[in-house]
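A.B. asks: Please read through the structure below; I'll follow up with questions.
The values are calculated or read from the model by the stated rules, or taken from the named source; none is laboratory data. For clarity, every value in this text was computed on a predicted model and none was experimentally measured. Counting neighbours? That spans all protein chains shown, and the Cβs are built from the backbone with ideal geometry, glycine included. Ligands, DNA and RNA are excluded from the accessible area calculation, which covers all protein heavy atoms including side chains. Shrake-Rupley method; radii C 1.70, N 1.55, O 1.52, S 1.80 Å.
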2 protein chains.
Amino acid sequence: MERDVFSALADPTRRRMLDLLVRQERAAGELGHAFPHISQPGISRHLRVLREAGLVRVRQERRHRYYSLRSERLAEVDAWITKYRGFWEFELDSLEAYLDSKKRARGEHRA
Amino acid sequence: MERDVFSALADPTRRRMLDLLVRQERAAGELGHAFPHISQPGISRHLRVLREAGLVRVRQERRHRYYSLRSERLAEVDAWITKYRGFWEFELDSLEAYLDSKKRARGEHRA
DNA sequence: ACAGTATATACCCTGTCGGTTATCCAAGTG
DNA sequence: CACTTGGATAACCGACAGGGTATATACTGT
């Protein structure tokens, strides 16, 4: 338990699994069908990692185990990256300003 | 080259390095001082991973190599997580609505 | 040219990851 | 109860990640 969220997200298969869970919960087997090249135990272990990272929850109904997204941990990641958001907005602004100054320079040439 | 951003972010040391670069560029050695338990080559290799993931750029000046943040890739991660943002806002709304309905229920009891 | 500082690379070792097959368990069904 | 189905766990394996020490490279000042 208590596994690092970022390392859980490091694997592309697991990221795609989360993608599949955005709109609806899905049974483990259903998720598995999306990855025909991975064996059933492989799928099960990926799901375990996601569980241990707190990224999904499971609900048992009849014979099926339905996985669904848990928002909290993803929100943490979002919070982390928010620190940087201001930064790249600044960089893009700089680029824009640079291009803008160039354009203006050209304009002045012609004027 | 061309290394996966998510796996580069999977290591906590590398995340902290990025944190150190948010406000200013820093020389490799300067970054190293923040991690006294890791040897100089270890630091250098973490920086290489960040470089190969496109998360930082390097600039050589005199004897120093100054690392600074590159926004593009972080913006990609942000774009990825954006798909989920709506989701957890929905979940939080649901929670809020639930608590709200409870409060209202209590209110009705008293009323 | 030499010594010193800043950083990267080579090489090795160990632990973890992701995959596989075989097996187990739990739930539903005849 | 025996059988099937959905899914998790166990045991094993090759690849790789991340750490260390030793060494190479690059630039500076003398």
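A.B. asks: In the range B:7-41, what count of residues is obtained for those that are assigned to a helix (DSSP H, G or I) and charged (D, E, K, R)?
C.D. replies: Count: 5.
A.B. asks: Considering only the range B:45-74, state which residues are within 10 Å of DNA strand C (Cβ to nearest atom), touching a strand residue (DSSP E or B) at 6+ places or on another chain (Cβ under 7 Å) and open to solvent by 30 Å² or more (accessible area, probe 1.4 Å).
C.D. replies: Correct list: B:Arg51, B:Val58, B:His64, B:Arg65, B:Tyr66.
A.B. asks: So, one more: Kindly check whether there is at least one residue in the range B:62-84 that is over 25 Å from A:Glu76 (Cβ atoms) and within 11 Å of chain A (Cβ to nearest Cβ).
C.D. replies: Yes: one or more hits.
A.B. asks: Residues of the range A:52-81 being basic (Lys, Arg) and free of Cβ contacts under 8 Å to residues at least 12 places away in the same chain, which ones?
C.D. replies: A:Arg62, A:Arg63
A.B. asks: Provide a single number: the residues in the range A:56-81 that are within 14 Å of DNA strand D (Cβ to nearest atom) and either under 15 Å from the mean Cα position of the chain (by Cα) or not aromatic (Phe, Trp, Tyr) (or both).
C.D. replies: Counting residues in the range A:56-81 that are within 14 Å of DNA strand D (Cβ to nearest atom) and either under 15 Å from the mean Cα position of the chain (by Cα) or not aromatic (Phe, Trp, Tyr) (or both) gives 11.
A.B. asks: Further question: Which residues, counting only those in the range A:23-49, are touching a Lys or Arg at 6+ places or on another chain (Cβ under 6 Å) and within 16 Å of B:Trp88 (Cβ to Cβ)?
C.D. replies: none
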